[in-house]
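Report on the following structure.
The values are calculated or read from the model by the stated rules, or taken from the named source; none is laboratory data. Model, not experiment: these values are computed from the prediction. With ideal geometry, Cβ positions are generated from the backbone for all residues, glycine too; neighbour counts draw on all protein chains shown.
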Ligand SMILES: *Cc1c(COP(=O)(O)O)cnc(C)c1O
């Protein structure tokens, strides 16, 4: 039934199907462990011969309800929740890359992902080649090496707000025989389903819109079940795993091989599991996701239209604004709305940008986005401050850039806050 439901229905009904007398809402199963009657049954669980919960580092019923709902919303075959978006991204790569391997990544990335790739993955021996996503396919292909195992990009880049050209990137991944891994945090499964456009693996920072209320850090990996891992490049999935008595993930789990390995190998060994309580809150967030994404999107479009007319604003960046470099791509891939993030610059550069943020009353300064409450940040001095000037330019972050996460308040109240903030700027400069 769930496969024929629309997203509005999956958001509230999906992922959990209580039997007679069971709680209507997935209960918070705040238990590390699960009881069994005989050691042989537990041994079968350890050997992956049978399924069931045994230890909450690997799986938990509350977290499972969340995972099943996200998998259904993304139209994937399975999902794995993680302690954060960062750990979702990390595991999505480590699941198929070892020391000595390489991945390609669009240079327009969330600052945390950029440093994970350029610093920590490097220390693990995985080299990341950053490519300008606007280059033609032939040039991006020329960055690939024999040991290139994946290509990574964001659907809407944070904070440069470029739309991923799925056609080009899926062509590149197919040509190279490597999976396209997409960070779909900004659109959420409500506004874009990357598997329909050639992606193979999706990661989310569930901390953002999926939670939506600023309560929980969490992440999720979704497997499209649509990649051929048997092309000789991914022995970790096809060859026997000595830590499971020589089991081959592909033979045993077919199109669930990737997501199963991420759980039973990486979550088991590295441990970034989502807590049941956070799983409960993230699942609650999903209930209202379709409604919130509609409002975030319409408020963001209206705010960006207003800002475009203001004399103190030097530029406005929102993919659904006509004339935006990604406008055509956003019409194609985000037909329902452009999500809630707007960036803009103010006359007077970096100093004026900081002053405006101080002047705002309704929009608060927080290191966060995707919340129901409108917030702002100055990326060049915060989320992206570890980047060099060259790296800042490559990821599209200018010194005067203010990033607004437009909330679901009444649009007039949001606009009025920016009117008073920009007006007092006028007096001071
Ligand atoms: C915030 C964010 C992340 C990291 O997620 P956390 O939950 O903070 O670890 C990854 N990608 C994007 C696009 C983000 O905005």
Qualifying positions in segment 108-149 - closer than 22 Å to residue 219 by Cα, part of a loop (DSSP other than H, G, I, E, B) and at pLDDT 95 or above = 124, 126
When restricted to 80, 91, the only residue touching a strand residue (DSSP E or B) at 6+ places or on another chain (Cβ under 8 Å), within 22 Å of residue 250 (Cβ to Cβ), within 16 Å of the ligand (Cβ to nearest atom) and part of a helix (DSSP H, G or I) is 91
Does at least one position in segment 46-61 carry a residue that is under 30 Å from residue 141 (Cα atoms) and in a loop (DSSP other than H, G, I, E, B)?
-> no
Kindly indicate whether residue 70 is within 16 Å of the ligand (Cβ to nearest atom), touching a strand residue (DSSP E or B) at 6+ places or on another chain (Cβ under 9 Å), over 17 Å from residue 266 (Cα atoms) and not in a loop (DSSP other than H, G, I, E, B).
-> yes
Subset of segment 7-52 [closer than 15 Å to residue 287 by Cβ and in contact with a helix residue (DSSP H, G or I) (Cβ under 9 Å, 6 or more places away or on another chain)] | 7, 8, 9, 10, 11, 12, 13, 14, 15, 16, 25, 26
